[in-house]
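Have a look at the structure below, then the notes.
Just so you know, all these numbers are worked out from the coordinates, no wet-lab data involved. Not measured: the values here are computed from a predicted model. No Cβ is skipped: glycine too gets one built from the backbone with ideal geometry, and neighbour counts run over all protein chains shown.
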Amino acid sequence: MWKGRFTKPTSALVQRYGESMSFDHRLYAHDIWGSIAHAKALTKAGILTAKEFQAIEKGLLEIKADIDAGKFIWREELEDVHMNIESALTRRIGAPGAKLHTARSRNDQVATDTRLWCRDEIDSVVKLARDLQRSLVECASHHEQIVMPGYTHLQRAQPVLFAHHLLAYVEMLARDTDRFADTRKRLNVLPLGSGAIAGSTIIVDRSFVAKELGFDGVSQNSMDAVSDRDFIAELLFVIALTGVHLSRLSEDIILWASAEFGFITLSDAHTTGSSLMPQKKNPDVAELTRGKSGRLVGNLMSLLTTLKGLPMTYNRDLQEDKEPLFDSVDTIKLALEVFAEMIRGLEVNVAKTQAAASDPMLLATDLADYLVNHGVPFREAHEVIGKIVAHSVKTKRALNEFSADDYRKFSKAFGKDVGNVLKIDTALSKRKSTGAPSPANVATRLKYWQKVLSQD
Ligand code: ARG
């Protein structure tokens, strides 16, 4: 492509080192779409005749069909997807093909292709994230009444509904899908027409191209447009954060599936055995997802580090954006999909969750609240209950084994009805401030999500 300037061919080693075709071939459909729109604009600008345009469009569509069918021969020496397609076009249709690259550079071309690719992938990722949300909502609604301990510091804290715990992840994923939508909005701007760095002396109608390709607008600074990879960094961040959310859910699932917790049983279909220990049933899907979140964070770091020292404008370093991008997108899509399947296959062991939730210590805060309702300042109430808890631990008698008189030894504010505080159902239904896990609240939120998630 640059034979005019050079007298020696590129060394074979440099070709191998610099080629991106082996991975950026994934941009072919968007590259072809972008080229057709560009050719249309060149026709409008009087650079191509209608006949030449038709030849280009037909040739590009045939190339696309060949690639779709796996019949296209990719050539490493042509470096990347852009040059592979352009050179195939010229081989196929002759002279008009050689006019396609007018007023365009691979710098604005690759930026355009990548934005188009990201836009489609974001749409797929959001669909998968919503399906995972749906699977969590289904699981929550099948187990709406199940109580379990809520944990802080992985120590039993206060009772919650299992459904409330699952819905926490539905909320996280909703923020993630919002972030994807926001990223999509910001990246949906056309860079094509920025040329290599300074646009072109040949004027094409950029707004027309933007419309053809479904962009909301055109970039306003050619130098920024060819060197900007913010949109990839942003997408990698949103993917990494989604991965981190899945990793936290993984950790919950791994704990819950352990014999020590025993809250859930994962389906055989989503676990693996051990080659040595016949009894093992391992939560590999959750472990892999927890592990892969490291890669997602790494891909974000990799791109940010690549970008950090780059002078304006395009530098070949930018070719390093694609492998982390492709890897993160592939990884999160598969993780979201397999997670939804795993959630749909899990069983909750009601006896175990119920047994754990009936630990009266979970209601120690409720005892303090009881005192507050009887006029004791909270700090004082906290201390009184602290002493009762210490007494319970020391005497090995549970909080619900103490009589009202036992309680009155610690504070005269306790009445005969103190035993009612230690009833888990009452305790849960009292937690009715917005966002708290009273069964009524959880039911409302479940209905909300069922409605929202049925809308696609
Ligand atoms: N394969 C290149 C990339 O992904 C395309 C742009 C090449 N531009 C250039 N001036 N070498 O960055």
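Diffusion coefficient (Stokes-Einstein, Kirkwood radius over C-alpha pairs, 25 °C, 0.890 mPa s) for the range 1-101: 172 µm²/s, rounded to a whole number. Output the 0 to 90 degree angle, nearest 10, between the alpha-carbon long axis of helix 364-373 and the longest principal axis computed from the alpha carbons of the chain. The two axes meet at around 70 degrees. Residues within the reach of a label modelled at Asp359 (point 7 angstrom out along Cα to beta-carbon, backbone nitrogen below 16 Å), restricted to the range 262-287, are 262-264. Sorted ascending by nearby beta carbons within 10 Å, beginning with the fewest, His142, His164 become His142, His164.
Here the range 259-339 is treated as a Stokes sphere of Kirkwood radius computed over C-alpha pairs; at 4 °C and 1.567 mPa s its diffusion coefficient rounds to 83 µm²/s. For the range 233-391, rounded, prolate or oblate, judged on the Cα gyration tensor with a ≥ b ≥ c (square roots of eigenvalues), a/c < 1.5 rounded, else prolate if a/b > b/c? Judged from the Cα gyration tensor, the range 233-391 comes out oblate (a/c at least 1.5, b/c at or above a/b). So if the hydrodynamic radius of the range 68-113 is defined as the Kirkwood radius over C-alpha pairs, what does Stokes-Einstein give as its diffusion coefficient at 25 °C and 0.890 mPa s, in µm² per second? It diffuses with D of about 213 µm²/s by this estimate. Under 5 Å between amide hydrogens, built in the peptide plane, is the criterion, and for Ile264 it picks out Ala257, Asn349 among residues at least 5 positions away or on other chains. Among beta bridges from DSSP that stay inside the range 117-257, the antiparallel ones total about 75%. With K and R counted +1 and D and E -1, the other residues having a Cβ less than 13 Å from that of Thr331 yield a net charge of -1. Seen from every direction in turn and averaged, the convex hull around the alpha carbons of the range 130-184 projects onto 4.4 nm².
For a Förster distance of 35 Å, can you work out the FRET efficiency between the beta-carbons of Lys387 and Leu255, rounded to the nearest 0.05? After rounding, the FRET efficiency stands at 0.65.
Rounded to the nearest 500, the 222 nm mean residue ellipticity of the chain from helices alone is -20000 deg cm²/dmol, with -39,500 (n - 2.57) taken per DSSP H run of at least 4 residues.
Computed over the chain, the P(r) curve from all C-alpha pair distances, binned at 10 Å from the origin, holds 4, 16, 21, 18, 14, 11, 8, 5, 3, 1, 0 percent per bin. As a calculated quantity, the FRET efficiency between Thr49 and Arg92 at R0 = 22 Å, using C-beta atoms, amounts to about 0.80.
Exposure proxy ranking for Asp406, Asp366, based on other Cβ atoms within 10 angstrom of each Cβ and starting from the fewest, stands as Asp406, Asp366. Couplings 3J(HN,Hα) for the range 118-128, derived from phi with the Karplus relation 6.51 cos²θ - 1.76 cosθ + 1.60 (θ = phi - 60°), are 4, 4, 5, 5, 4, 4, 5, 4, 5, 4, 5 Hz, where x marks Gly and Pro. Ordered by the count of other Cβ atoms within 10 Å of each Cβ, fewest first, Ile202, Ile85 give Ile202, Ile85. The local environment of His245, defined by Cβ-Cβ distances under 12 Å, has a net charge of 0 under the rule Lys, Arg +1 and Asp, Glu -1. Taking Cβ atoms as reference points and 9 Å as the exclusive limit, the residues near Gly195 contribute a net charge of 0, counting Lys and Arg as +1 and Asp and Glu as -1. For the range 180-194, 3J(HN,Hα) computed residue by residue from phi via the Karplus equation (6.51, -1.76, 1.60; θ = phi - 60°) reads 4, 5, 5, 4, 4, 4, 6, 7, 7, 10, 7, x, 4, x, 7 Hz, glycine and proline entered as x. From the alpha carbon centroid of the range 411-454 to that of the range 186-237 is 52 Å.
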